Amino acid sequence: MGLPPEEVSFGDRMREAGRVTGLIGKWHVGTQAYNHPLDRGFDEFFGFLGALSEYLPPEGQASIPGIFRGREPAVVTDYLTRAFGREAVSFIGRHQHEPFFLLLAFNAPHAPFQAPQEYLDRFAHIENPTRRTYAAMVSAMDDAIGDVLAKIAACGLEDHTLIFFLSDNGGPHGNGWNGSSNEPLRGGKGESLEGGIRVPFLAQWKGRLPAGGVYENPVIALDLLPTALAAAGVESKPEWQLDGVNLLPYLEGKLSTPPHDVLFWRFIFRANSGRFNWAIRQGDWKLVSENSRIPGKRRAWRSVPKLFDLRVDPHEDHDLSDVEPDRAKALAARWAAWDAELMPPGQSSGQRRSAGGAAAAPARP
């Protein structure tokens with residue numbers, strides 16, 4: 001359905017804050033005319049508009065199809081992950097003397113599984129070919145990120161630049177997707193189990209955040225916007241109805257309380273609309289809907305809420321709903337009250353609140 005036209009994007013907020021804004025990589029927020037990145041708060045765009053892209057030119061073609069610079073098709077003959085890294089380095093170099101916001105949205109290691117031979121050779125010891133390619137794709141992304149960080153350092157911007165790195169979801173599993181692993185967590189992409197929502201989440205601001213620490217309280221991707229706004233000197237306004245919080249005082253040790261009393265998720269796979277996932281976490285307690293097929297019914301699923309204590313059971317093996325029935329009911333009621341504030345997925349309204357996020361994990365300064 002795409003991002004509703006009345007929503008204000010991250011790019012919009014940062015441009016309003018006086019930043020030059022750039023988007024490099026994947027834009028999977030709708031292909032409608034009003035949803036082009038240049039119309040959603042970004043001054044520059046280099047990337048693709050859908051769910052996935054080839055990483056190398058297909059056989060018989062000189063360029064990767066579907067890559068754009070602004071609104072015009074771009075010629076890309078190199079490995080796409082490297083091309084995104086180079087574009088990011090170029091953006092930083094061109095705007096190093098003015099405030100900027102860059103969203104570098106690598107699609108690696110999303111399908112299709114493709115990697116140059118030089119990266120495959122790094123992992124010749126991995127026997128599973130899909131796993132080998134997956135590792136090669138991540139390694140290429142690591143190199144591109146290293147180039148970006150080196151450029152920030154070379155421009156003398158390390159002490160003045162807030163950098164976040166995180167994944168949008170856990171790795172997929174099953175159905176031939178055997179390249180990723182979410183161990184020691186259970187579940188994966190498209191699920192509200194920990195394997196689907198607990199992801200790597202790192203932050204760096206050398207002039208302000210302490211290095212080498214681990215922040216243990218749960219945070220969420222929704223916190224990125226208010227944190228970035230605070231770094232830009234902009235105070236979030238109540239009428240914006242942002243669900244995230246500014247993490248800076250927590251990462252700096254100025255606040256010791258958890259940033260969130262409770263976190264919520266809800267998610268629907270459009271291709272299988274019966275697979276409705278939701279979860280609520282309060283402290284170490286998590287109530288999560290775990291989907292299973294209804295025997296004898298095609299594309300039919302049922303959701304069974306289960307209660308887990310993540311402190312002792314991060315793999316979510318032991319359902320404690322019968323042991324703690326009052327806690328399970330209270331969490332379910334709180335999730336339902338939150339869900340009632342939201343529009344159904346795919347709809348839009350100027351009055352609706354923003355929906356729950358897709359990633360939660362400790363942040364690692």
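Laboratory data are not the source of any read-out in this text; all were calculated from the coordinates shown. All values reported here derive from a predicted model rather than from experimental measurement. Ideal geometry is used to build each Cβ from the backbone, glycine not excepted, and the neighbour counts take in all protein chains shown.
Assorted remarks:
- Evaluated at q = 0.09, 0.11, 0.12, 0.15 Å⁻¹, the base-10 log of the normalised Debye intensity for the chain, with identical point scatterers placed on the Cα atoms, takes the values -0.55, -0.85, -1.03, -1.62.
- Pairwise label distance in nanometres, E239 with Q61, each label 7 Å out on the Cα-Cβ vector: 4.6
- Segment D339-D313, length gained on full extension (0.36 nm per residue, minus Cα span): 6.7 nm
- Under 22 Å from K306, Cα to Cα: lysines that are on another chain or at least 8 residues apart: K189, K286, K329
- Under 15 Å, Cβ to Cβ, from R19 - net charge with Lys/Arg +1 and Asp/Glu -1: -1
- Among residues other than F45 with Cβ under 12 Å from its Cβ, the summed charge is -1 (Lys and Arg +1, Asp and Glu -1).
- Note on K206: aspartates and glutamates with a C-alpha under 14 Å away, same-chain residues under 8 apart excluded, are E158, D159, E252.
- Likely footprinting exposure, E118, E216, fewest C-beta neighbours within 10 Å first: E216, E118
- Considering the range 89-195, its Cα convex hull presents a mean projected area of 8.6 nm².
- Ranked list, fewest to most other Cβ atoms within 10 Å of each Cβ, for D78, D121, D223: D121, D78, D223
- Estimated inter-spin distance, R327 and V8, nm [label 7 Å along Cα→Cβ]: 3.9
- Sorting L242, L310 from the fewest to the most surrounding beta carbons within 10 angstrom yields L310, L242.
- Summed residue charge, Cβ within 13 Å of V89's Cβ, Lys/Arg positive, Asp/Glu negative: +1
- Inter-label distance for N128 and F165, nm, one decimal - labels placed 7 Å from Cα along Cα-to-Cβ: 2.3
- Between A154 and T77, the contour length at 0.36 nm per residue exceeds the alpha carbon distance by 25.0 nm.
- Segment E252-R208, extension gain: residue separation times 0.36 nm, minus the distance between their alpha carbons: 15.1 nm
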